[in-house]
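J.: Structure below; questions to follow.
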């Protein structure tokens, strides 16, 4: 997973293993930012980003929420006020406690049907109610995620906030958000297959030249 994302983000692959979830540094001080970022081919998503300020971030935790979930202010004045404990801010805090000194990204769906059914059609082709209609190995979910992260990084850098994209990743999805993970896996399988085929071709070519 990381090797492909690293290549798309234009950074070197991490040589360290992805850090295990830990509560040891869950009490680090943090700052949160809500912003709208541009991704692949000018697609846009709202994001909530929580970053540690009293410790160096050691991973990026990226969460794709499900139906009904939204920013706390929107949930409290909407028909799902009783579920505001599951708003993005609360989830970001929960993940911060779980993963400790990591950057936590919550990616808001690009649209909602009837204010409830979320659609991540910036990542995967969906129907009217946000259900995936297909998982295309040649699609754009990975590129869109990488672009969102890069542009968010650039925006915050102009504000004096440094957020690294060159860190190990945890990708999480709840309910409808799981379709984004399915699409990412579909693309990564194709990438892995093509990489193995390319490496195999290089070995055969090298052997031929060596024998000759």
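J.: Checking the a/c ratio against 1.5 first, then a/b against b/c, what shape does the Cα gyration tensor give for the range 22-194?
T.: Note, shape of the range 22-194 comes out oblate.
J.: Still on this structure, please answer the following. Subtracting the Cα-Cα distance from 0.36 nm times the residue separation, let me have the gained length for residue 85 to residue 53 in nm, one decimal.
T.: Going from the current span to full extension adds 9.1 nm.
J.: Next question, about the same structure. Sort all Cα-Cα distances of the range 85-128 into consecutive 5 angstrom bins from zero, then give the percent of pairs in each bin up to the one containing the longest distance.
T.: Spelled out per bin, shortest first, that is 5, 20, 21, 19, 16, 14, 6, 1.
J.: Suppose the chain between residue 154 and residue 114 were pulled fully straight at 0.36 nm per residue; how much longer would it get relative to their current alpha carbon spacing?
T.: Stretched out fully, the residue 154 to residue 114 stretch lengthens by 11.0 nm.
J.: Something else: Once R0 is set to 25 Å, what does the formula 1/(1 + (r/R0)^6) return for the Cβ-Cβ distance between residue 136 and residue 174, expressed as a FRET efficiency to the nearest 0.05?
T.: Efficiency, rounded to the nearest 0.05: 0.65.
J.: Right, here's the next one. Please give the FRET efficiency for residue 98 paired with residue 38, using the beta carbon to beta carbon distance and R0 = 30 Å, rounded to the nearest 0.05.
T.: 0.55
None of the figures in this text is laboratory data; all of them are computed from the coordinates on show. In this text, all values refer to a predicted model and were calculated from it rather than measured experimentally. Ideal geometry is used to build each Cβ from the backbone, glycine not excepted, and the neighbour counts take in all protein chains shown.
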